[in-house]
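See structure below.
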Amino acid sequence: MFSSEFRRLWGWPLLLGLLTASGLFSALVSDHWGDVWSWIALGLPVGVMAWFGWRRAPATHSPGRKPC
């Protein structure tokens with residue numbers, strides 16, 4: 001259906017967007033297990049963003065050499 005390049009580029013953002021939308025919908029219309037699902041579905045994308053936001057950026061040059 002979609003090319004592998006499209007899936008490679010947009011696969012995870014679309015999945016996280018669908019997860020967030022299902023969490024928001026669940027929080028609005030359901031109780032008990034829906035509340036649990038909404039916490040998971042809304043917390044997971046935040047955790048992923050925090051993980052990638054706080055990761056250390058890779059070094060662009062060797063520690064012993066001066067940057068160009």
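Rounded, prolate or oblate, given the Cα gyration tensor of segment 1-55, with a/c below 1.5 counting as rounded? List each step's numbers first, then the result.
Values: a/c = 4.21, a/b = 1.54, b/c = 2.73.
Oblate, because a/c is 1.5 or more while a/b does not exceed b/c.
Starting from the Cα-Cα distance between R7 and L44, subtract it from 0.36 nm times their residue separation and give me the gain in nm to one decimal. If you can, show how the numbers build up before the last one.
On the way: separation 37, 0.36 × 37 = 13.32 nm, distance 2.04 nm.
That works out to 11.3 nm of additional length.
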**Study point:** Paramagnetic reach from R55 in segment 1-27 [backbone N under 19 Å; point 7 Å along Cα→Cβ]
**Key:** 7-17
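Read-outs throughout are calculated quantities, based only on the coordinates presented, and are distinct from any laboratory measurement. Since the model is a prediction, treat every value here as computed from it, not as a measurement. Counting neighbours? That spans all protein chains shown, and the Cβs are built from the backbone with ideal geometry, glycine included.
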